[in-house]
Every structure is written in C-alpha cells, then in structure tokens.
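Any read-out appearing in this document is the output of simple, stated calculations on the displayed coordinates, not a laboratory observation. Worth saying up front: this structure is predicted, and the values here are computed from it rather than measured. Cβ: placed from backbone, ideal geometry, glycine included. Neighbour counts: every protein chain shown.
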Amino acid sequence: MGVGLGKEGWLRRRMTSPAKREVAPPLFRAGNVRQPPPHPPAHADGPQGWRGGRERRRRRRRRSLWKPPAIVKGEVEGAGLRRGSSFSLSLRVGDPRSPLGKPLPRGLGRGGSLAASSPASPAPPRFRALSVLATERGVKRSGMAENEFLEEKTFKQYCEKFIKHSEEIGDGWEWKNSKDCSDGYMSKTHFQTKNGTSVPEQFFSQAEEDDEGARNSDLNLDDFELYSDDSEVVGLTAAAEVIRYEYHVLYSCSYRVPVLYFRASFLDGRPLTLKEIWDGVHQFYKARLLQEPWSTITQQEHPILGQPFFVLHPCKTNEFMTSLLDNSEKDNSNINYITSWLSIVGPVVGLNLPLSYAKAMSQQDAKMD
Amino acid sequence: MTDDKDVLRDVWFGRIPTCFTLYQDEITEREAEPYYLLLPRVSYLPLVTDKVKKHFQKVMRQEDISEIWFEYEGTPLKWHYPIGLLFDLLASNTALPWNITVHFKSFPEKDLLHCPSKDTVEAHFMSCMKEADALKHKSQVINEMQKKDHKQLWMGLQNDKFDQFWAINRKLMEYPAEDNGFRYIPFRIYQATTERPFIQKLFRPVAADGQLHTLGDLLKEVCPSVITPEDGVKKNQIMIHGIEPMLETPLQWLSEHLSYPDNFLHISIIPQPTD
C-alpha cells in the first residue's frame, strides 16, 4: 500500500481521506426529535441503542400530523453523503409554524400553496406533508446513477412530468429550448404586488416571454381588482408596485443538480436590485440565509441567455436532496426530484408550489396500480 | 527546452496594453486625457482599474458619477470574465493598444452584473474555483482547504503574487496516482457570434482506453462546427491566452498549464483574420 512519504503516497492519502465538513447547528429541535449521538457508526449495524433510537424517531415522525419539513437531522448512512457526517438543513418549507412556535405571518405561501395549508388535515400515510413529495412509480431511483447525482437526462424527464401537471392546473411552467444547443430549462413568469398578492395573468394583454420585460401600457388597472386570500378587496394598486417575477430552472452539469435562477422587474422595466430582492425575502428565511453562505442569493450571468439573474447557489443541493431521497427510498416511495427540490428552495424567493403537484402525482400512481 | 512550469509564469505575467478613454457624452469640468495601462490577462477589470477610475473622476463632478462600467466598440465588457478572455474574444486581431471606453452613467442593467465592491469579485472568483474543483475532484480538494488557503488564493490574484497563489493552487492541479488526470476538465468555450454566452459540458481528459483526449477531441465533441474540414479553408482561430495551441495538445496538460487562476480553461473561438 505504501504509506510512503513520497509525493505519490501523500497524494493517494490526500485524495482518499474524507473531506472535513463543517456542521451547521440545527435550526431548532422539534420536541419529538432526539439529538443524535455525536459519532455515529458508519455501518448499518451499529450499537443497538443508536439504531433503536432512530427507529423510534422514525415511528414518531410518522404518527405526527405534520412533518418537520426539509430539516433533515441526524445521520445519513452510506449512499452519497460523506460517512458519519451529520447536518441539518437550513430551509424549511411548508412549516406553518415558525421556529418559535408562532404561526408564520402571511406574505409567503399565498394562493393555496403548501406553506399556507393548515396542519389540521391528517396526511395519508404515504404522503408527507412536507416538501411536496410527488410519488411516481416507474421512475427508478437508480435512474439517478452514481452517488445520488441527478443526470441531465433524468432532470429533463422529471421536468417533463412536472410541466405536464403544471399545464393541468394552469400553473404557468413551460420548457424552453436553448437555440444553439440540445439543452433547455423550465420557465415561469408571474406577477405580484409588493405586498405579496398575486396578480392573475389575464390582466396583462400580452403573455410574458418578452425578454424586454412586461409593458405597463398593456395593464389597465381600471379593469380589475386585486383580492387577497381572504377575498378581501385590496383595491387598486399603482402599476409601479406590480413586480414581474421570472423563474428558470436549469441543470448544472458541474454540480449535477438543478439550479433556480430568477429575476424581477417593475412593469416599467426597471429591474429590482439585490437589496430590493432581499427585502422581499421573508424575515424567517432571511435570518437563516445570512447564517448559511451556501444559500446566499447572488447575481450571476444566466448560462443560456447571458443576462443577469439572481441565483440560489447550488453547491449544497446534493446534500439535502440526498437525505430526502434516502428517506423516501426507505419508505418505498419514489419522488419527483424536481417537485421536491423546487418546493424546498422556491418559497425562499417567493415561488410556491400548489399542493396539487403531490396529490396529482399520487393519483397518477394509483391509476398505474 | 523550457520546463513546463515556465509556462505557468508566462501565462500569469501576460499583459495587454490598453488605452482608456472617457465616453464623450460624460459631463466633465475639463478635458479628460486618455489613460494608458498594462492590464494583467489573468485578472479582472474591477481589480486593476482603480487608477483609471480616479483619473477620470478628477475631471468630473461628484453628482455625475455612478457605477463605472467599460465598453469596447459598443459591447459592454463583462467584468466577471478575465481580462485576457475579453481581449481574445473581442479585440485580439485589432491593432494595439486595446481601446476601452469608460462610462459613469446609464449602467446597462440588462447586460452587466453589478460590481459594488471587490468583495463581489472575490465571491465570483471563489465560486468559479469551487465549480472547477467540483468538476476536477468532486470538490474534495477545495473543501479540505482551510479558509486561510482560500484567502491566500484570492490575495495572490489580487496582489499579483504568483508564488503566493501557486503555493495553494498547485494542490488543485494534482490528481490521484491511479488516475491519469482530473475527473472532468473545467472549460468554457466562447464565441462572440452566438447568443449563448458559452458552452460548458462534462468532458473527461482520458478516454476509456487510457488515451489522453486532445483539444481537437474536445472541440469535435462539443462544438464540431468550428473544426476545419479536411480540405476546407480555416474559418476560426481557437485561442487561449492569446495563442493558438495545437489541436493535438492533451487537454489534461492544457488544464494544468493554461487554465486561468479560476482553474477554468476559457477558450475563445474567433473568426480567422482575412489578411
């Protein structure tokens, strides 16, 4: 083996030693989740007490009416992740309660999306109330070859299914092909006022996909009223306060994960600055983003359009998706990677997924039985 | 016969003589003289143009100054591209010095990223390095480094310190003894005529049979239209750091020696000059 001190021996050791990872402190500890022991064994048959603890936790989790969303605590054994590492996720989605136990103020999660759903309705056993896990038979997990990475072909397949459902419910997602190449991306545009109320698209006489930005001459505010979720009449809003959001889901071949690009502009074409975008991020996510530099919003060049967009950095996506996928595999349910991923990262930047994505997928599933 | 390592120095110390002229519509209190500067090929515009900014701001009023941006023959220059790449792509076949126009107004929001401070450049640079290492080593090498090593890479670039930079960067150029190269080669191919800013794909430096892939193999796979057909006329120049490497050069070697400090091979495809 040669534990030599020569360069080669050093190199071999260097390249095979496990990467040291920084462990982020958990956001908060749900009362029913026990803190795992610090150095868990890497193998499945560890000391009985540890294993028992995990079983207990898993059983406890299933019984609760709602699940702690994308916070995945504890150890992830084997596949994909560095052995023995533990981590907790910084983004929480679909959790109607803030870490302090108080209900989240409205502002995110409008329009019947997951975050606004009440925890009162019990979830069917296979269905997790957290990030919208669309179950999908026939999409084998092994399609994600090689250490949980998402291959580009598989990415396109997941997107196709996602868009199919989007078309069914009129959620506005569509696929755009790149002009010079075989790749492409998912795209959605929606309009929203500063206070978070959605503006239905039919009030804009021209459908989006105008890269120059929406034209406010097309918007005649005398013709409609804006409604909040409670059907209160909010009243007319000046055109200047309506913001056009554009979301693109691209595939990063370097990190082998999807990446969310987005930009926002006022109707007169003026783009929002990073500060204005940041001001729109909910307080709850803001605090967490500031702690976790990997999920910072930065301005970058869109790799296909070449224009400035904001991006949620993708380098840790694989970590949180891996454990999500591991858990779903243990439960013997297959998921649509894109649906799950987007339901985690989207709400941070004002993009919510209606619950029907998951429901529809499991209905499709049932039909296939 | 020069040592391969000398190539690293030649690449690092490459310079482009540049003439900065203030845009004629900018409001000045007296006439602005052009400013001449040797720009490092491997650096970024915001890192090396402090003196340019100061020079022009001396003749302007404070209220007429907002974010500085640069343009060449009508094309806004993307500060997040290395200077050498911008030059090769846009101006390599024109006479020196490179004439860049300086603007302080009407920032082109649709074309350029904002650069409020040098920290933005640092974040972008480190992000590129991390992406390159994700391709080369599944991020293992860069994640094992300490924060001070990352800082040393950045300071080495910012202060033009070859030895300081390469003391750390050499680790990113290593690979396991049992492999013949990196996992994938970090590269981007730029062509000014396409809408798409660059082409980047997964490409291994070593074929299944153990043969090293060449630059020609990469181009054939990723953008075959730029390769000259057998008996055809050469339409394009394939340029890295102002030179045209032979298409038979192993890609692994190019990645180790002709990468920019961000560890990417930025390759420009430009039309063959007619003269």
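Brief remarks follow.
- Per-residue mean of foreign Cβ neighbours for B:199-207 is 2 (Cβ atoms of other chains, 10 Å radius).
- Hits among lysines - C-alpha to C-alpha of B:K151 under 23 Å, sequence gap 8 or more where chains match: A:K20, A:K316, B:K118, B:K130, B:K136, B:K138, B:K161, B:K171
- When chain B is treated as a Gaussian network with alpha carbon springs shorter than 10 Å, the biggest mean-square fluctuation among B:Y72, B:Y190, B:Y44 belongs to B:Y72.
- Protection proxy ranking of A:244-254, B:50-60, B:28-38, B:118-128 - average other beta-carbon atoms within 10 Å, highest first: A:244-254, B:118-128, B:50-60, B:28-38
- Per residue, the convex hull spanned by the Cα atoms of chain B measures out at 153 cubic angstrom.
- The range B:143-225: radius of gyration over Cα atoms, expressed as a fraction of 2.2 N^0.38 Å: 1.40
- For peptide A:172-182, the mean count of partner chain Cβ atoms within 10 Å of a residue's Cβ comes to 2.
- FRET efficiency, B:E248 to B:L96 (Cβ-Cβ, R0 35 Å, nearest 0.05): 0.75
- The calculated FRET efficiency for B:V233 paired with A:K176, based on their beta-carbon distance and R0 = 25 Å, is about 0.10.
- GNM remark for chain B: springs join alpha carbons under 10 Å apart, and the peak mean-square fluctuation among B:S139, B:S43, B:S66 falls on B:S66.
- Peptide B:165-176 is shielded by partner chain Cβ atoms: per residue, an average of 1 of them sit within 10 Å of its Cβ.
- DSSP bridge analysis restricted to chain B gives an antiparallel fraction near 65%, rounded to the nearest 5.
- Counted over the range B:118-267 with a bin width of 5 Å, the fraction of Cα pairs per bin, in whole percents, is 2, 9, 18, 21, 19, 15, 10, 5, 2, 1, 0.
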